[in-house]
1. Can you tell me how the range 99-157 classifies by the Cα gyration tensor, rounded, prolate or oblate, using a/c under 1.5 as the rounded cut?
2. Using the basic label-point model (7 angstrom from Cα toward the beta carbon), what is the W94 to V72 distance in nanometres?
3. Rank these by accessible area, largest first, 1.4 Å probe: T71, T137, T40.
4. As an exercise, use a Förster radius of 35 Å and the Cβ-Cβ distance of K64 and T165 to find the FRET efficiency, rounded to the nearest 0.05.
5. Of R146, R55, which has the most accessible area with a 1.4 Å probe, and how do the rest follow in descending order?
6. Note down the nm distance, to one decimal, between modelled labels 7 Å out along Cα→Cβ at Q181 and at R155.
7. When ligands, DNA and RNA are left out and all protein chains stay put, how many square angstrom of accessible area per residue does the range 145-200 have with a 1.4 Å probe?
8. In percent, how large is the relative contact order of the range 53-205, given Cα pairs closer than 8 Å and 6 or more residues apart?
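The values are calculated or read from the model by the stated rules, or taken from the named source; none is laboratory data. Every value quoted in this text rests on a predicted model; they were computed, and no experiment measured them. Positions of Cβ are backbone-derived with ideal geometry, glycine not excepted, and every protein chain shown enters the neighbour counts. Side chains included, ligands, DNA and RNA excluded: accessible areas come from the protein's heavy atoms. Shrake-Rupley method; radii C 1.70, N 1.55, O 1.52, S 1.80 Å.
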Amino acid sequence: MKSWGYVGFWALAVLAGCSGDKAGKRPSAEAEPIGNPRQTAEPIRPGRGENEKVRELDLNRDNKPDVWLYTVEGKKPDGQPVERRVRKEVDLNWDGRVDMTTLYNEREEKVREAIDQDFDEKVDVVLHYEKNVNVRTERDTNGDGRMDQWLFYERGKLARKERDTNNDGRADNWEYWENGQVDRIGEDLDSDGNVDRWTKNPNAQ
């Protein structure tokens, strides 16, 4: 916000309106963080299901597996048995440990991808998919095991970014994006889940 240097007239009008009753000032129901905040970091490698079969691949030919494909037995529409992929694990830096885990639905479409970016065997980033398209990304930016940043996409473009700036497990900063840039920012200054101040980007189209 400091980079904008100027708060436009529109923002000041909204700010004045926020100084009274705060009822209804929550950005929207969907602007809340998804799910309950995790108290401990999620391991990058989930436990293996009892019905899962695993196939190991060595893509870099160092005689150590770097991809693990998990399948379960299902049935085709005609009743014939078929192996269905449910999970893929990948060792990105070839140290013998899983760094990325991808989950698939019954149609073998990607639905969730967890990534360990700092190679400590804990999840730092989670991507959520609908019909193989990323619609939401969650990040743990401070390494405390809880997601503190949420990015929402519409038609492949960033539409909203939420942050937990005080590490209480809830979003308190909302950025709304339009035309590839920040349009406005809402801030929760007293940690009650409602926006106390809006700032409009004067350069937004």
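1. Details: a/c = 3.00, a/b = 1.40, b/c = 2.14.
Here the range 99-157 falls in the oblate category.
2. It is 3.4 nm.
3. Values: T71 30, T137 5, T40 100 Å².
Accessible-area ranking of T71, T137, T40, largest first: T40, T71, T137.
4. Working: r = 41 Å, r/R0 = 1.18.
Once rounded, the FRET efficiency stands at 0.25.
5. Working: R146 45, R55 145 Å².
The residues order as R55, R146, largest area first.
6. 2.0 nm
7. Details: 2520 Å² over 56 residues.
Accessible area per residue, the range 145-200: 45 Å².
8. Working: 341 pairs, mean separation 13.5, N = 153.
With pairs under 8 Å counted, the relative contact order is 9 percent.
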